[in-house]
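Reading through the structure tokens given below for one structure.
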Amino acid sequence: MTTDTTAALRARVTEQFPALQADLEALVRIPSVSAAAFDQQHVAASAAATAQLLRDAGLPDVQILSAPRPDGTPGAPAVVARRPAPEGAPTVLLYAHHDVQPPGDPATWDTDPFEPTQVGERLFGRGAADDKAGIVAHLGALRALGLPDGADLPVGVTVFLEGEEESGSPSFRAFLETYRDLLAADVIVVADSTNWKVGVPALTTSLRGLVDGEIELRVLDHAVHSGMFGGAVLDAVTLMSRLVATFHDDAGDVAIEGLVTAPEPEVDYDEAAFRADSSLLDGVALAGTGTLSGRLWSKPALSVIGMDVTSVAEASNTIAPRCTAKISLRLAPGQDPAAADAALAAHVAKHAPFGVQAAWRSGEQGKPFLAPGDTAAMRAARAAFTEAWGTAPVDVGVGGSIPFIADLLEVFPDAAILVTGVEDPDSRAHGANESVHLGELQNVVLAEALLLTKVGEGL
Ligand SMILES: [Zn+2]
């Protein structure tokens, strides 16, 4: 890659960006919320709109496809657009999703969530970052490389835009298996994560996995008078509290035996910024030990996310006979979810206080992601990021989960997976006032165009 090519590409990205921003704004105006309670015609409309953008961009083979969900109902429409590889060249799969999270209470937004609004260098709107910016990043890279004429595109390209990522990708695995031949690629770029901060790009090299489930604790056959029996029998809520308290040690680290911890990350969060972002109240100490980024990316985290107890309004002077708690356990990269689930079950059995009946009912399981050490595709991506930003990228983890990445790795074990992103710490994906930084989006477009060029030159 010569400096000339980089400068020429950068000039083209800059020149083409106003049209790309207009395309992003048009997509944000489509309220493509995939959650079941919302009108799914908008998801169909965003599939149609993105398909048209890809057709106009010169991809000759554009289809809107779906696969069945596990319950047999059809999955949301996905868009698959292809341009075959030149003879002997590799193929790159470019992933993003065209559905969005529900907007939440409009009163918490400063602007209309579905009316894109530019304020300074940021464009606000639901999906402006997550993940309609990912769609236009792919589109912009293809345009910068000369599509629709296509003269400069050195690789085969398959654009895959999912329509139900924000609803947990229920048909994703079936989709991959049904359209395996259509989607097969040498390199997969998942543009649905984040950069480190404005001005500093990042490759996402780890994601936590997830296990959840319920503890059902039973102490009495039925509720009894707290005066007649209290003192010799503890209520189910107290006993559940004692059990739940054993999940963490005094420092706040997860204390379940046998769980994996991954190595410490290379970058760390600023504690003051973390406190502000998390809205932690004054005087509350942080939980856990080690670096802040390590606690968020490299260690397990356990939260009680629900509990069935008598409400305060309905409370009476009785000893509660049973209590159910829902537990969510984030898994460190490298952790097998089934082993974590077994460790949780063993912990509950071992620590159930006073011999109460405490049963663990397993729920969802999602695998974590840990990028292989240092692949040729990762080196190409790092070089492309460095040229685009003028700053080398850092490796970041994400404390949340993208379980479909594990599916991609399983269905395409030979593909190199790169998790890139358009977000930055102010993007507020899923929250009110979601936005994308337009200068960063230009860098993302340029970096992806450079990456495709480098992959075309051979890994
Ligand atoms: Zn997303």
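Every read-out reported here was derived from the displayed coordinates using simple, explicitly stated rules and does not represent laboratory data. Nothing here was measured: the structure is a model prediction, and the numbers come from that model. Neighbour counts run over all protein chains shown; Cβ positions are idealised from the backbone, glycine included.
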Just want the answer: with Cβ charges of +1 for Lys and Arg and -1 for Asp and Glu, which residue in Leu452, Pro353, Pro413 is farthest toward the dipole's positive end in region 348-459? Pro353
Compute the acute angle (0 to 90°) between the alpha-carbon long axis of helix 41-56 and the principal axis of greatest extent of the alpha-carbon atoms of the chain; round to the nearest 10°. 30
Degrees separating the helix 132-144 axis from the principal Cα axis of the chain, which is the longest one: 20
Which three lengths, in whole Å and largest first, does region 45-197 cover when its Cα atoms are put on their principal axes? 54, 43, 30
Whole-percent pair-distance distribution, where bins are 10 Å wide, for the alpha carbons of region 23-103: 17, 44, 28, 10, 1
Beyond 25 Å, what share of the Cα-Cα pairs of region 318-459 remains, rounded to the nearest whole percent? 50
Anchor Lys299: lysines whose Cα lies under 28 Å away (excluding residues fewer than 8 positions away in-chain): Lys197, Lys326, Lys350, Lys367
How many percent of Cα pairs in region 96-147 exceed 18 Å? 40
Using Cα pairs under 8 angstrom and six or more residues apart, how large is the relative contact order of region 253-393, in percent? 24
Could you give the C-alpha radius of gyration of the chain expressed as a fraction of 2.2 N^0.38 Å, taking N as the number of residues it contains? 1.08
Relative to the longest principal axis of the C-alpha atoms of the chain, give the angle of the C-alpha long axis of helix 376-389, reported between 0 and 90° and rounded to the nearest 10°. 70
Return the calculated 222 nm mean residue ellipticity for the chain, to the nearest 500 deg cm²/dmol, obtained by summing -39500 (n - 2.57) across DSSP H runs with n ≥ 4 and dividing by the residue count. -10000 deg cm²/dmol
